[in-house]
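The values are calculated or read from the model by the stated rules, or taken from the named source; none is laboratory data. Computed from a predicted structure; not experimentally measured. Ideal geometry is used to build each Cβ from the backbone, glycine not excepted, and the neighbour counts take in all protein chains shown. Areas reflect the complete protein model, heavy atoms only, side chains present, ligands, DNA and RNA absent. Shrake-Rupley method; radii C 1.70, N 1.55, O 1.52, S 1.80 Å.
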Amino acid sequence: MIIDIHQKKLSLGDKYKVFINHVLTYVVSKQPLQLKPEILVMDADNNRLKIRIVKCLQWIKAKYVISFSETLIYSFKTVSYFRSHFQCATKDAIYDIYRHRGRKCSIYKDHDQIAWWQKDLITWLEGDTYRITSNENADIDLLISFCLILDNYNSGNKGEDVLTINLGYMGLQAKRFNKEWIPNSKN
């Protein structure tokens, strides 16, 4: 499965369009002028709230709350700041998210890789663009949430640039990128 996330930089908050297998599925807005900034993911068809991501006050490490409903709430946090390793525990599984040298991130569910994404090297007059490649049976909403969280955590609210060149992460890695991984196509 292919998920494309296209960011559009605006003066107050960013907007994103999320395409799943080339079909516009979600629109996203980032609400910056709040004590705890929020990322709101809405259905593209009916503008109904699908996911709310709230950034918690934290000094250096990432800490976010992902809510799908009043009862389905997960916490996303930094495991290792220096090795760029993050984690989200759900009721059914543990998700580990690893940044790799360059512009790639991998997502593991209970120690098995389920997805990875890459950020574009160059963007012109637009914001960042991500392409997530995942297993067909992966939780799409969580994958999108993880990507939006790391975009927010790593980029913050930087101003608009005409040309952006992103060389990516250059630090230590908790896990090397698996070049051999191929997504499954079965449910």
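Please find the FRET efficiency linking Arg131 to Ser80, where r is the Cβ-Cβ separation and R0 is fixed at 25 Å, and quote it to the nearest 0.05.
Numbers: r = 25 Å, r/R0 = 1.01.
So, using R0 = 25 Å, E works out to roughly 0.50.
Using unit Cβ charges (K, R positive; D, E negative) and no other charged atoms, how large, in debye to the nearest 20, is the dipole of the stretch 57-157 about its Cα centre?
On the way: 12 positive and 12 negative charges, 114 e Å.
Using Cβ point charges on Lys, Arg, Asp and Glu, the stretch 57-157 gives about 540 debye.
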Ignoring ligands, DNA and RNA, what accessible area per residue does the stretch 1-100 give at 1.4 Å, in Å²?
56 Å²
The set of residues whose placed amide H lies less than 5 Å from the amide H of Val79, leaving out same-chain residues fewer than 5 positions away, is His85, Phe86, Gln87
